[in-house]
Structure formats: C-alpha cells, structure tokens
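S.K.: Let me give you the structure first, and then I'll get to my questions.
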Amino acid sequence: MEAAFGELLRLLNGGWAAQAIEAATELGIPDLLASGIGRSNDLARATACHEPSLRRLLRALASLGLCEEREDGSFGPTALGALLEEGAPISLKGMALYGRYKRPVWDR
C-alpha cells in the first residue's frame, strides 16, 4: 500500500513539477548552475527574479533531483538537470519548454 500511495502522490504532483521544470528551463537555471553560479542571490540577479521566490523554485527543483542544495546554501547541477542545458549532447530542454503550449489545452 505504501508503494501505491507514493506512486499516486508522484502522479498528483506531476503538474507542479512540470511547471517548475518549465520555469527553471525558461530562466536558464540549468545553464547558470553549470556555469558555476550557485547562490540564489546571484541567480536572482542573473535572471532578474525575486530572490525569495527563486530560492523556493530552486528548493523545489532540488526535491526533484534537478539540482542539489549544498550545505552552504548554494545550489549545484546534477546529471538529471544537465539534460535541460542548452548544449547538452542529449537535451530535453525543448520538451520542458513545450509545456507552455500544451498546458492551455489541458486547462480547459
């Protein structure tokens, strides 16, 4: 029963997870993390975002394994998040950004 509960919870959270991935990809967060920018205030400045809101997004991404939160409070890239980078050999960046087109269809 625990496995079924966890799986259903994962499915129910799929919408917010996809939106978080889309937002981070659109902001270029995976590329910025790969370049070594890891502090939320520096990332906020680079993306012209509200720092507390961006930090919440980064923590959500870390919960999904798309980045890691380090002991010093900074964030770093992960292999999963690297699949969203611009120049990745295998990239799902386009698929992540496609959400802005498919979401209106599902919202009806």
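S.K.: Counting residues that are within 15 Å of residue 23 (Cα to Cα) and open to solvent by 40 Å² or more (accessible area, probe 1.4 Å), which helices (runs of 4 or more DSSP H) fully inside the stretch 34-86 reach at least 3?
M.R.: Numbers: elements: 40-47, 51-63, 79-82.
The qualifying helices (runs of 4 or more DSSP H) are 51-63.
S.K.: Here's a follow-up. Would you pick out the residues in the stretch 8-20 that are open to solvent by 40 Å² or more (accessible area, probe 1.4 Å), under 29 Å from residue 85 (Cβ atoms) and either of a type in the set (Gly, Ala, Ser) or assigned to a helix (DSSP H, G or I) (or both)? Even if it seems obvious, please write down each step before you answer.
M.R.: In the first step, residues of the stretch 8-20 are kept if they are open to solvent by 40 Å² or more (accessible area, probe 1.4 Å); the result is 8-13, 15-16, 18-19.
Then drop every residue that is not under 29 Å from residue 85 (Cβ atoms), which leaves 9-13, 15-16, 18-19.
The answer is 9, 10, 11, 12, 15, 16, 18, 19.
The values are calculated or read from the model by the stated rules, or taken from the named source; none is laboratory data. It should be emphasised that the depicted structure is a prediction, and the values quoted were computed from it without experimental measurement. All Cβ positions, glycine included, derive from the backbone under ideal geometry; neighbour counts span all protein chains shown. The accessibility values were calculated without ligands, DNA or RNA, using every heavy atom of the protein model including side chains. Shrake-Rupley method; radii C 1.70, N 1.55, O 1.52, S 1.80 Å.
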